[in-house]
Amino acid sequence: MSFSTQWDQVYREGSNISIWPWSDLVSYMHHYGKPFSSSTKVLEIGFGAGANIPFFLTIGVDYYGIEGSDSIAARVRERYPDLKDRLRTGDFIRQNYLDIYDLVIDRSSMTHNDTNAIKLGLKNLSAAMKPGAKYIGIDWFSTEHSAFGLGDSIDEFTRANITEGQFVGIGNVHFSTRAHILELFSNAGFRVTRLEHKQTSSEIPHTSHLFASWNLVAEKV
Ligand SMILES: C[S@@+](CC[C@H](N)C(=O)[O-])C[C@H]1O[C@@H](n2cnc3c(N)ncnc32)[C@H](O)[C@@H]1O
């Protein structure tokens, strides 16, 4: 995989295996992803260990996924044999998407690419969506996050080789401002209809660490 072999390594070592659906994703789908039905074609980019798949099966949409790490994708295909032809290994940035989707779901996956890759990935995904189709992005890291500024600079918004905290060993981490998100999505042919900034810090025990990320809904124009 061109984007990062580090995710594959992390999964082979047995870390970053999230298996429960992410609550923000569930709530965004219910608030902003409706109406959906068995004919709603959903693409999850970077499905990882498949944490969100049980949720998509429960709501009964027409689910597809693409993931860059072959080792984790193969494990997820084993776990969901009925979906094996829908769970592909590949780089979601550089795909020539042949299908057209009603919803694209991204829980903290695009944000592990650098700025140029994100620009390209959003354009390619936009081309594979119907007008009015929604891109739901959960946990795009924010420049307010304590880790912004750690590691090496790849471009204005992207860091790599972070040696402490949640981003150790996983390659590129992209951090966004509000203006940057609006620009990225607008240039790729989307209109952002919802943008929330989330910040979490621990009071007891008190730490100076701040987790900060964006959740968003963007509609293909
Ligand atoms: C933080 S994990 C999130 C996994 C899953 N979305 C979840 O919510 O549990 C990021 C995932 O995106 C994948 N990823 C990042 N960039 C990718 C790319 N360009 N193509 C394919 N997969 C990518 C990584 O391999 C990793 O599995």
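The values are calculated or read from the model by the stated rules, or taken from the named source; none is laboratory data. Quick caveat, the model's predicted, so the values are computed rather than measured. Cβ placement follows ideal geometry from the backbone for every residue including glycine, while neighbour counts extend to all protein chains displayed.
Name the residues in the stretch 92-112 that are within 19 Å of residue 170 (Cβ to Cβ) and assigned to a loop (DSSP other than H, G, I, E, B), would you? Residues satisfying the conditions are 92, 93, 108, 109. Here residue 139 clears all of (1) more than 14 Å from the ligand (Cβ to nearest atom); (2) in contact (Cβ under 8 Å) with a residue 12 or more places away in the chain except the condition numbered (1). Checked against (1) modelled with pLDDT of 95 or more; (2) under 24 Å from residue 180 (Cβ atoms); (3) of a type outside the set (Asp, Glu), residue 100 meets all criteria but (2). Looking across the stretch 141-153 at every residue that is assigned to a loop (DSSP other than H, G, I, E, B) and touching a Ser or Thr at 6+ places or on another chain (Cβ under 8 Å), the one that is surrounded by the most Cβ atoms within 10 Å (Cβ to Cβ) is identified as 145.
The rows are residues; the columns are (1) under 11 Å from the mean Cα position of the chain (by Cα); (2) more than 29 Å from residue 164 (Cα to Cα); (3) aliphatic (A, V, I, L, M).
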{"site": "108", "(1), (2), (3)": "yes, no, no"}
{"site": "111", "(1), (2), (3)": "yes, no, no"}
{"site": "115", "(1), (2), (3)": "no, no, no"}
{"site": "126", "(1), (2), (3)": "no, yes, no"}
{"site": "129", "(1), (2), (3)": "no, yes, yes"}
{"site": "135", "(1), (2), (3)": "yes, yes, no"}
{"site": "141", "(1), (2), (3)": "yes, no, no"}
{"site": "145", "(1), (2), (3)": "no, no, no"}
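Please pick out the residue among 23, 39, 15, 69 that is polar (S, T, N, Q) and closer than 23 Å to residue 123 by Cα.
On the way: 23 fails: closer than 23 Å to residue 123 by Cα; 39 fails: closer than 23 Å to residue 123 by Cα; 15 fails: closer than 23 Å to residue 123 by Cα.
None of the others qualify; the one that does is 69.
On the basis of being β-branched (Val, Ile, Thr), in contact with a helix residue (DSSP H, G or I) (Cβ under 9 Å, 6 or more places away or on another chain) and either surrounded by 18 or more Cβ atoms within 10 Å (Cβ to Cβ) or free of Cβ contacts under 8 Å to residues at least 24 places away in the same chain (or both), does residue 115 make the cut? No, not satisfied. For the stretch 1-46, the tally of residues that are within 14 Å of residue 136 (Cα to Cα), small (Gly, Ala, Ser), in contact (Cβ under 8 Å) with a residue 40 or more places away in the chain and more than 7 Å from the ligand (Cβ to nearest atom) stands at 1.
What's the total number of residues in the stretch 48-91 that are part of a loop (DSSP other than H, G, I, E, B), more than 10 Å from the ligand (Cβ to nearest atom) and surrounded by fewer than 21 Cβ atoms within 10 Å (Cβ to Cβ)?
Initial filter on the stretch 48-91 (part of a loop (DSSP other than H, G, I, E, B)): 48-52, 60-61, 68-69, 80, 84-86, 90-91.
Those left that are additionally more than 10 Å from the ligand (Cβ to nearest atom): 60-61, 80, 84-86.
Pick out the ones that are also surrounded by fewer than 21 Cβ atoms within 10 Å (Cβ to Cβ) and you get 60, 80, 84-86.
Of the residues in that region, 5 qualify.
In summary, strands (runs of 3 or more DSSP E) completely within the stretch 154-221 and bearing 1 or more residues that are within 19 Å of residue 124 (Cα to Cα) and not aromatic (Phe, Trp, Tyr) occur at 190-201, 210-220.
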